[in-house]
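Read through the structure below, which is laid out as structure tokens, and then see the notes.
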Amino acid sequence: MPNAQASLIVSKSPVQPYAAELKEDVSPNDCMSLMRWPTDSHEVLRAFDAPPQPWLSGHRGIDLRTEPGTSLKAPRSGVISFSGKVAGKDVVTITHTNGWKSTFEPAVTDIPRGTHIHRGSVFAHVSDGASDHCLHECVHWGIKIAPDHYADPALIAQLRRVTILHPQD
């Protein structure tokens, strides 16, 4: 399986929120990802480019090839926490069960704010609205994991071999 070389270690600790989302029947040979790709196409037009300091410019997400009307699927379970215009652009944000936030631009949804959505369910569509990331050929996906810290969505969505560590009694 491509991109499955790395190993992700998951504990049953309450500080590891991902462990709660694992199915009981995960086998040692299964590959999983912290988040799923929000589109069927995984073609990245512009990669993540973190700035050296949080206040400097950079590309705090990835641009995925899409077209207006493309369905967006929830990368992880969570709630719709924002849907509207930011600086004239259509934006939808999901606050995930682990506290991370995924933001999509340009995107629109009819799902009311505060609605719980499940991993893999369609929650929005790429709009034909303005975007400073690309004209009408992509959606920008950013993941905020702390107040001034963004993660690379391509790495988060990458499949990894799962190792489950059981606590010692």
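The values are calculated or read from the model by the stated rules, or taken from the named source; none is laboratory data. Fair warning: this is a prediction, and the values are worked out from it, not measured in the lab. Reconstructed Cβ throughout: ideal geometry from the backbone, glycine too, with neighbour counts over all protein chains shown. Surface areas here come from the heavy atoms of the whole protein model, side chains and all, with no ligands, DNA or RNA. Shrake-Rupley method; radii C 1.70, N 1.55, O 1.52, S 1.80 Å.
Condition first: farther than 12 Å from Pro68 by Cβ and within 18 Å of the chain's Cα centre (by Cα). Now tell me which residues in the stretch 125-150 satisfy that. Quick ask: steps written out before the conclusion?
Initial filter on the stretch 125-150 (farther than 12 Å from Pro68 by Cβ): 132-133, 140-150.
The answer is His133, His140, Trp141, Gly142, Ile143, Lys144, Ile145, Ala146, Pro147, Asp148, His149, Tyr150.
Could you check, for the stretch 50-69, whether at least one of its residues is closer than 18 Å to Leu155 by Cα, modelled with pLDDT of 90 or more and in a loop (DSSP other than H, G, I, E, B)? Quick ask: steps written out before the conclusion?
At the first step, the residues of the stretch 50-69 found to be closer than 18 Å to Leu155 by Cα are 50-51, 58-65.
Narrowing further to those that are modelled with pLDDT of 90 or more: 60-65.
Narrowing further to those that are in a loop (DSSP other than H, G, I, E, B): 60-61.
Taking every residue of the stretch 50-69 in turn, at least one turns out to be closer than 18 Å to Leu155 by Cα, modelled with pLDDT of 90 or more and in a loop (DSSP other than H, G, I, E, B).
If you take the residues in the stretch 59-87 that are under 22 Å from Asp128 (Cβ atoms) and charged (D, E, K, R), which one is least open to solvent (accessible area, probe 1.4 Å)?
For the stretch 59-87, the residue satisfying everything is Asp63.
Can you find a residue that is of a type in the set (S, T, N, Q), within 19 Å of the chain's Cα centre (by Cα) and under 17 Å from Ser33 (Cα atoms) anywhere in the stretch 115-122?
Step one: filter the stretch 115-122 for residues of a type in the set (S, T, N, Q), giving 115, 121.
Then keep just the ones that are within 19 Å of the chain's Cα centre (by Cα); that gives 115, 121.
Next, only the ones that are under 17 Å from Ser33 (Cα atoms) stay: 121.
Scanning the stretch 115-122 turns up at least one residue that is of a type in the set (S, T, N, Q), within 19 Å of the chain's Cα centre (by Cα) and under 17 Å from Ser33 (Cα atoms).
Exactly one of (1) farther than 16 Å from Arg36 by Cα; (2) at pLDDT 95 or above is unmet by Pro75. Its number?
(1)
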